Structures are given as structure tokens and as C-alpha cells.
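Undergrad: Below you'll find the structure I mean.
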Amino acid sequence: MDVVRGYYQYVNGRLENRSTVSYPVDSWEYTKKGYLLFEGSHYSEIYYALSLSDEPEHTALRVLPLDETCRKLNRAYLLPVGYGGNNLFLVDWSEQNFENLNFYDLFDRFYPDIYELPVPFEANDDSGVGAVYRISAEMFEHVVEAHFRIDHEELRKRTTYIPEDQTYEYRPRGFYETEYPDIPYPEVVSYEEKNDGSITLTVNAVYPEENTSRAFTHKTVVRPLDDGGFQYVSNQIIFPEVGFEPWWHSEVYLQAGRSKQTGSTAGNLPVTEHFPQGPPYPRIEPIQDTGKVHQTACQWVFICMVWRLRAVVFNRPLLASSVIPSYSIRIVISGFLPKRRHFFKPTPLPVSCS
């Protein structure tokens, strides 16, 4: 049996095929959650040059019908955020305790929805310098408070706030915070409407790359608003009981003018007004990060190559975090090679059968 899968992308409002992969099935499984999982491999010149093996492939097809309301709730509240580049659904938090949330990543995620424009604050082209901005409190708080009930004092405690000029320090994700692209995707499997108007969503993380339809499960509470908007109220990981390690996720910290990833202190440059294309924005003041980079781009590319060679030697994860500063790759310290992941491969659209 062969699996034929296409990769599609929207171009000018039309869905166009970018590439097609066909591979023989080595194994398949029907899960308790109603998914048919396929695993196989196919020959790729690029992959073979890096790993001396065929490129592995995984496909997940939902067979068991899913309630249409669950699908709508998923599209409205879960899929726009997902599990990449933020930790909204990866950690436990509530309106009584925002400690685990990274509001900088959430600012990146929600800014395009609020302003209908891409985030204009870019990382420095020089991988050895981290671009740090000062964003007006009006802008930062407007974006965050659109989806969270949090007062200004609490938000400023969880971020780097500069009271002298009423700005927030902000550093966009850069070269060393890049995350692995093939990650789980959320699927709402049940919901409960509460008397207070909130909705409790039970969500499974479907992870084809790991051959599982339930990598972890979380309960997310949302609060629809009268104006058509909504707020996230809380999130709790409920499976597995011992917790789940989202190995692909790389945290970004910037507190008290100091980048925890590089250990460097940001020095102020002369104030420069920057107005991105589009509506007038409050002042954005760039700050220079004088920290030295611990790994060069060449070293990073070599690490990517070594990452993929794991298939030749070990078929198990021997991972240790924080060996490479500011990057999510885990490098082996008690073995030879880390668990194989696919870099530079397009992420397929989730496929489901109802």
C-alpha cells in the first residue's frame, strides 16, 4: 500500500499544489481516538546526502467523525495560535496566575490580528546582534489585553516595563530561537458551556511525526465577549499526568534590560522614531544588544546536519536542553546523536475524514 500526499499553499486566494510525496507504507495503526496513522519512507537526494538513509514520512487521517461544533471552536480559538512560537497551550496558567505565560510571543501572535499587518519589529540581520525595541505601552497593552483579562500592573510585572518613557522592552525571536517546524496541531474533541458564559474546551494534540493522535491533552477555557471578541481564561495540561515536555519549543526572555539567553545587557542608542508602513504607530525605540553570539551560523548548519544523522546510529532520543544558547535544538551530552527531526520540510495541512 502506498500513500500519496500533496503539499498545498494559498496563492492569490487559490489553493495550489507545491509538491507531492508518495511512499510505501511500512506500518499503520488505528488509534483509540479514531485516527489512522501511516508511517513509511521515500528516497530524497537531499536527505540521503545528510543522513545516508531514506526520508521518513508520517500521515494522520481522522476516520472517526468529529462534532462540527468542535471543529468550529478549534478554528476559532486553537488553530490560529497553535503550539509553535508561543506557550499559550503548553503550560498551566490562569487569570489568577499568569506566571508561566510568555507575553512577548503572544504579542507576536496577536499583533497581525489586531492591526491586520505583519509584525513590523524584525530581528537584526546580523546574527551576532539581537535587535531590541521599546514599544509604547499603549500598543503593547492594546494587543495583549484584546485576548486577556489582565490589568496593567500585572502585565508590567510579567514583562520588562520602562516607566520613565512608558514603554515595554521587546526582542523579536531571532536566529537562535527558531523552532522545529513539524509540530503537533490542536484538535478540540469536546466542549462544555458554563453558566458564566465561558467555554471549556478539551483539546488533543495530534502529532503525526510521533505516530500519535494524542501527544498530550489540555483543557482551555475561553470567554466569548459581547462585541464578538473573546478572551483566554486558563489552560491546564491534563494528559499525561506526569506532564509533557514540548521539546520543539524555545523560550525567549527579556527581563530588566537583560537577555537571559545571551546574558548581555542592552545599551540604549539615541532615540529613533520608526513608523512601519500602515497606520501611524506609537514610537518604537531600537536598543542595541551588545552580547556576543556563542555559536556561528556555520556551526548551526553543522548541528542541523548532525541532528539528521541520528537515523544512522541511534533510534532513540538522547536529549539535553540548554547546551546551545538561545536555540531549541537539544544536543547530546551523554551519547552521540539526538533524535532525528526534519528541517526545511514544508508542514502538511492536517487531513481529516468526517
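The values are calculated or read from the model by the stated rules, or taken from the named source; none is laboratory data. Note that the structure is predicted; figures quoted are calculated from it, not measured. FYI the Cβ positions are ideal-geometry reconstructions off the backbone, even for glycines, and counts take in every protein chain you see.
Undergrad: Looking at (1) more than 23 Å from Arg149 (Cα to Cα); (2) β-branched (Val, Ile, Thr); (3) touching a residue at least 60 places away in the same chain (Cβ under 8 Å), which is the only condition Val91 fails?
TA: If we test Val91 against (1) more than 23 Å from Arg149 (Cα to Cα); (2) β-branched (Val, Ile, Thr); (3) touching a residue at least 60 places away in the same chain (Cβ under 8 Å), just (1) comes out false.
Undergrad: Quick check on the range 46-78: of everything there that is under 30 Å from Val25 (Cα atoms), of a type in the set (A, V, I, L, M) and surrounded by 15 or more Cβ atoms within 10 Å (Cβ to Cβ), which residue is modelled with the lowest pLDDT?
TA: Within the range 46-78, the match that is modelled with the lowest pLDDT is Leu50.
Undergrad: If you scan the range 32-45, which residues turn out to be within 21 Å of Thr20 (Cβ to Cβ) and either modelled with pLDDT of 85 or more or small (Gly, Ala, Ser) (or both)? Even if it seems obvious, please write down each step before you answer.
TA: Let us first name the residues in the range 32-45 that are within 21 Å of Thr20 (Cβ to Cβ), namely 36-45.
Of everything in the range 32-45, those that are within 21 Å of Thr20 (Cβ to Cβ) and either modelled with pLDDT of 85 or more or small (Gly, Ala, Ser) (or both) turn out to be Leu36, Leu37, Phe38, Glu39, Gly40, Ser41, Ser44.
Undergrad: Here is a list of conditions, (1) basic (Lys, Arg); (2) crowded, with 17+ Cβ neighbours inside 10 Å; (3) free of Cβ contacts under 8 Å to residues at least 12 places away in the same chain, and Arg171 meets all of them except one; can you say which number that is?
TA: Answer for Arg171: the failing condition is (3).
Undergrad: Starting from the range 46-61, keep only residues that are at negative phi, then list their pairs with residues that are among the hydrophobic types (A, V, I, L, M, F, W, C) and in a loop (DSSP other than H, G, I, E, B) whose Cβ atoms are within a distance under 6 Å, requiring at least 6 positions of separation or different chains.
TA: Ser51/Leu309; Leu61/Cys353
Undergrad: So Glu57 passes all but one of these: (1) in a loop (DSSP other than H, G, I, E, B); (2) touching a Phe, Trp or Tyr at 6+ places or on another chain (Cβ under 8 Å); (3) more than 26 Å from Phe107 (Cβ to Cβ). Which condition number does it fail?
TA: (1)
Undergrad: Let me ask something additional. Answer with yes or no whether Ser198 is surrounded by fewer than 20 Cβ atoms within 10 Å (Cβ to Cβ), small (Gly, Ala, Ser), touching a strand residue (DSSP E or B) at 6+ places or on another chain (Cβ under 6 Å) and closer than 19 Å to His147 by Cα. Break it down stepwise before answering.
TA: Values: surrounded by fewer than 20 Cβ atoms within 10 Å (Cβ to Cβ): yes; small (Gly, Ala, Ser): yes; touching a strand residue (DSSP E or B) at 6+ places or on another chain (Cβ under 6 Å): yes; closer than 19 Å to His147 by Cα: yes.
Judged against the criteria, Ser198 is a match.
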